[in-house]
Structure formats: structure tokens, C-alpha cells
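Okay, structure first, notes after.
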Amino acid sequence: TNITMVSQSTLLSPQLAVREGRPDDPLECSVHSLPKPLLREFQHVFGQAYLEEMARQDDTSLDLLAIPTNQQARKDLVAVGDDIEFEKDRLLNVFMEFGEELCKRIRSYGFWADYIDPCSGLPMITRNCNKVYSEVDGMECLLNYKAHNAGFCKILQHPRWGSAVYPATMFAHAPRDLVIKLVQEYQAKMTSK
């Protein structure tokens with residue numbers, strides 16, 4: 001059963017996706033246009049200059065898109081210990097490989113794409129950014145997933161996996177149909193495995 005929390009910004013609903021040769025490392029992945037609160041967050045992280053550069057391109061066939069991913073952790077990530085840190089590292093590596101690959105594919109068509117390092121909250125490709133992107137806030141905005149506070153930390157609650165979830169996001173300025181097609185190719189590998 002696929003519980004989907006669809007928001008108005010959803011262009012492709014969350015479904016599991018996998019990279020070639022990595023069937024044991026699925027990521028829930030979806031594609032969204034940027035709602036106003038997230039557009040402000042994007043400006044905060046990537047800077048006003050970047051948006052002005054986009055506006056200068058004046059190409060109405062391009063959309064500013066968010067590609068949020070969530071991975072089901074093998075352990076509840078709210079806990080502490082070496083095994084939890086090992087699991088976080090594993091999930092980080094899965095996302096970093098996926099983010100790098102998908103962004104490279106989008107960029108190979110001549111469009112902009114970047115992915116956020118979940119550890120630092122900073123973009124991986126775009127340089128000179130020092131503002132942090134909040135993955136939890138992004139998932140709340142894009143997917144209507146809930147979160148709760150644990151001390152100074154916001155904990156994401158996935159509708160099926162609870163707090164055993166690892167969120168991470170990519171962004172693209174590209175034709176929505178292209179990005180949807182590329183993400184669907186990963187989703188198709190999941191259903192055919």
C-alpha cells in the first residue's frame with residue numbers, strides 16, 4: 001500500500017526508486033514545483049543572485065523544481081550509538097551517489113541541478129553558499145509529512161516509517177517533463193526488480 005501525502009506542488013507522487021545495481025538501497029522520490037515558502041528557503045540558501053540569473057534566461061519552459069528523497073532507515077535514527085552513526089553514514093552515501101548521478105544527468109542536458117549535503121545542509125555543486133537548507137521543513141512543506149521537536153532538533157515523522165527516515169533533497173531548474181522522466185526511470189527499476 002502506498003500512502004501518498006500529495007500537496008498542490010506535487011508533479012510526481014512519492015514512489016520508491018533505485019539506482020542501477022543497487023536494489024537494496026531504495027529511496028522514496030518525488031518531484032515538486034516550489035511553493036512560496038520553499039521559494040523563500042531556496043532564495044535564502046542559493047542567494048538572490050542565482051534567481052536573478054534564472055530570470056535573465058527568460059525561458060518559460062523551465063521550472064524551478066524540488067526533488068525530495070526519503071530513505072527508510074534500518075534503525076530509528078532518534079536513538080544514539082555507533083550502530084546509529086553507521087546507519088546514518090550508509091544512508092548519506094546512498095543519497096550522495098543518487099544525488100550526484102541524477103544531478104549529473106539533468107546537467108548533461110544543459111540545465112542547472114544541485115543536491116543538498118544532508119550533514120551540512122549546504123549545496124554540493126553551487127559554491128559560495130553558506131546558508132543551511134532545512135530538510136525537515138522542506139518535507140513538511142512539500143509532502144505534508146509531520147515533524148516534532150526533540151530538544152533543539154526537529155524530527156521528521158514519515159507516514160509509514162516513523163522516525164526511521166533519512167530525508168535529503170535535490171533542486172533543478174529544468175523542464176518539468178524531463179526531470180519527471182528521469183526520476184520515473186529510477187522508479188521503473190524498482191518495480192521491475
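In percent, how large is the relative contact order of the chain, given Cα pairs closer than 8 Å and 6 or more residues apart?
Numbers: 316 pairs, mean separation 61.0, N = 193.
It rounds to 32 percent for the chain.
In 10 Å bins starting at 0, how do the alpha-carbon pair distances of segment 55-125 split up by percent?
16, 41, 26, 12, 5, 0
Rounded, prolate or oblate: which fits segment 130-174, taking a ≥ b ≥ c as square roots of the Cα gyration tensor eigenvalues, rounded meaning a/c under 1.5, else prolate when a/b beats b/c?
Taking the square roots of the gyration eigenvalues as a ≥ b ≥ c, segment 130-174 is oblate.
Have a look at segment 89-193 and give its Rg and Dmax from the Cα atoms, expressed in angstrom.
Radius of gyration, then largest Cα-Cα span, for segment 89-193: 14.8, 44 Å.
Give me a comma-separated list of calculated 3J(HN,Hα) values for segment 170-181, in order, Karplus coefficients 6.51, -1.76, 1.60 applied at θ = phi - 60°, integers in Hz, x for any Gly or Pro.
Values per residue, Gly and Pro as x: 10, 10, 8, 10, 7, x, 4, 5, 5, 5, 4, 4 Hz.
Classify segment 90-137 as rounded, prolate or oblate, taking a ≥ b ≥ c as the square roots of the eigenvalues of its Cα gyration tensor: rounded when a/c is under 1.5, otherwise prolate if a/b is larger than b/c and oblate if not. Write down the numbers at each step before the final one.
On the way: a/c = 2.26, a/b = 1.26, b/c = 1.79.
Oblate, since a/c reaches 1.5 and b/c is not below a/b.
Please work out the Kirkwood hydrodynamic radius for the chain, using every pair of different C-alpha atoms, and report it in angstroms with one decimal place.
When all Cα pairs of the chain are included, the Kirkwood radius is 16.9 Å.
List the chymotrypsin sites (Phe, Trp or Tyr not before Pro) within segment 50-154 that fall in a DSSP loop (any state other than H, G, I, E or B) and whose Cβ has at most 10 other Cβ atoms within 10 Å.
Here the sparse-neighbourhood loop sites are F152.
When the Karplus curve 6.51 cos²θ - 1.76 cosθ + 1.60 is applied with θ = phi - 60°, which whole-Hz ³J(HN,Hα) does each residue of segment 34-47 get, with x for Gly and Pro?
3J(HN,Hα) across segment 34-47, in whole Hz: 8, x, 3, x, 7, 5, 4, 5, 4, 4, 4, 7, 8, x.
Based solely on its DSSP helices, what 222 nm [θ] is calculated for the chain when runs of n ≥ 4 H residues each add -39,500 (n - 2.57) and the sum is averaged over all residues, nearest 500 deg cm²/dmol? Don't jump to the answer; show the numbers that get you there.
Working: 5 runs with 73 residues, N = 193.
Taken over the chain, the calculation gives -12500 deg cm²/dmol.
Taken together, the values in this text are just the output of simple stated rules run on the coordinates, not laboratory data. None of these values were measured; they are calculated from a predicted model. Don't worry about glycine lacking a Cβ; one is built from the backbone with ideal geometry, like all the others, and counts go over all protein chains shown.
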